[in-house]
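Just below is one structure, and these are the notes that go with it.
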Amino acid sequence: MSAYLRQLVGLAVFALAVGSVACAQQAPSITAESPGQVLFSDQFIAGQTGTWLLEQDEITSAEISGEQLVLSINEPNTIQFATLQEPVFSDFVVEVDGRLRSGSPDSSYGVLFRVEDPQRFYRFSITGNGLYVIERHNPDNTWTRLIQDWLPTEAINQGLNVANRLKIIANGPEFTFYVNDILLQQLSDTSYPTGAVALSAGTFGGGSLQVSFDDLVVYGYEPGS
């Protein structure tokens, strides 16, 4: 699914706009036959990419360009995401390189995981000025923070056109989060046991943003990974 969430500033109200939606629950989840087995990888080479649903409108766009997945937003307070329609994962490790190519340094980019449908998923995002957040989007269009707030970390390479390697380990209800191989958080949540993976970007006060992703890999959970 390619979609955007438009956040109304100061209100706990969100509007979801979706073009074509493929529900992640329609596909069975895959599991690794052995720890560390690669389940999916994508270098975003044209004609060789996974089944990403890429769409464009006057507000957002998602496209494969220059061997990267590029998300662009032209409106403030908007979250844009492009979802890998299949395969679907339960226990896994996902890693991807992300870059803020243009826009305000407080803009965000990251990974959505266990995407069950356009309303139910987890979000791990960082900003260009060194903050990160982990949260859950709920069926009633509300968000639940799984940490106390946006938190600062020196693990994030700040600024434009610098890469940050994001990593999430999902093992049952246990989640572990890294940036550039530095551990940020370990936490638990039982809400969503399986789902798709998506790549996301978000604006706050600034109305123009472009981010890119490269070198995505999903592999089987391996104790100690």
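Structure summary
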quantity	calculated
Lys, Arg +1 and Asp, Glu -1 on Cβ, resulting dipole of segment 30-174 about Cα centre, debye, nearest 20	340
Cα gyration tensor category, rounded, prolate or oblate, for segment 142-225 with a/c compared to 1.5	prolate
Estimated FRET transfer efficiency when R0 is 25 angstrom, pair D149-D57 (beta carbons, to 0.05)	0.20
For A32, net neighbour charge (Lys/Arg +1, Asp/Glu -1) across residues whose Cβ lies under 9 Å away	-3
Nearest-0.05 FRET efficiency for D91 and E135, computed from C-beta distance (R0 22 Å)	0.60
Alpha-carbon gyration tensor eigenvalues x 5, square-rooted, for the chain, Å	23, 19, 19
Neighbourhood charge, 14 Å Cβ-Cβ cut-off, centred on W150 and excluding it, Lys, Arg +1 and Asp, Glu -1	-1
Those GluC sites (Glu not before Pro) in segment 79-187 that DSSP places in a loop and that have at most 14 other beta carbons within 10 Å	E154
Distance between segment 42-82 and segment 147-202 - C-alpha centres, whole angstrom	20
Average Cα contact separation per residue, segment 80-225, under 8 Å, 6 or more apart, as relative contact order %	38
Sites S208 and T31, calculated FRET efficiency, Cβ-Cβ separation with R0 30 Å, nearest 0.05	0.15
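Here, each number is a calculation from the coordinates, and none is a lab measurement. Given the structure is predicted, the values throughout are model-derived calculations rather than measurements. All Cβ positions, even for glycine, are placed from backbone atoms using ideal geometry, and neighbour counts span all protein chains on display.
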